[in-house]
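The values are calculated or read from the model by the stated rules, or taken from the named source; none is laboratory data. The model shown is predicted, which means the values in this text are computed figures rather than measured ones. Every residue, glycine as well, gets a Cβ built from its backbone with ideal geometry; the counts of neighbours run over all protein chains shown.
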Amino acid sequence: MTNPPPSPLYCANHPTIETSLRCNRCEKPICPKCAVLTPTGYRCKECVRGQQKIFETAQWWDHPIALVVAAVLSGVGSYVATFLGFFTLLIAPVVGMIIAEAVRYCVRRRRSHALFLFAIAGIVLGALPMLFMILINPLISLVSGNAAQAGIGLLPVLWQVLFVIITSTSAYYRLSGIQIR
Ligand SMILES: [Zn+2]
Ligand SMILES: [Zn+2]
């Protein structure tokens, strides 16, 4: 028994171009123009694209989940921070890490590029109510002409602003660092 002579292959994207190359994943014939050299050999563009999609596993509902989880934890954190004053600076990076881990857990470690942006937005939104509450006192002092009192009242506001900045930076690095892996 002899093998039949191999019939010529034609590129799946260019039916007029004869080729001997096949995608090493889906076996589709591809011409040199359509082939992408990957560390594991030549592949078609579709397979390369499909491979990249693996890193975007988040479902649409993961984004609101990330936002809400981050907002709730950030709200709690900003409330605690009102008692901490200067120590807010020491606690905030830890809070950011906790928020990042909580978000990862709640979305079952699925990931997407947008996911950590939603988490950061959640941190900012969650800290806003507390920020406005402690802004009221210095604002009232300012309106009633007591500038010194207003200055003292602004210090907790500063801690709150720093809390938001440090917490979101810490969460950002924790979440985006995982994305690189
Ligand atoms: Zn392929
Ligand atoms: Zn082609």
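Quick look at the numbers
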{"item": "Top-ranked residue in segment 27-59 [being of a type outside the set (A, V, I, L, M) and in a strand (DSSP E or B); ranked as nearest to ligand 2 (Cβ to nearest atom)]", "result": "PRO29"}
{"item": "Test for VAL68: is it on the phi < 0 side of the Ramachandran plot and at pLDDT below 95", "result": "no"}
{"item": "Qualifying residues in segment 19-31 (those that are surrounded by 12 or more Cβ atoms within 10 Å (Cβ to Cβ) and away from ligand 1 (no atom under 12 Å from the Cβ)) - the one nearest to GLY50 (Cα to Cα)", "result": "CYS31"}
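Matching residues to (1) of a type outside the set (D, E, K, R); (2) in contact (Cβ under 8 Å) with a residue 12 or more places away in the chain:
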position: MET97; (1), (2): yes, yes
position: ALA100; (1), (2): yes, yes
position: VAL103; (1), (2): yes, yes
position: ARG110; (1), (2): no, yes
position: MET130; (1), (2): yes, yes
position: MET133; (1), (2): yes, no
position: SER141; (1), (2): yes, yes
position: LEU154; (1), (2): yes, yes
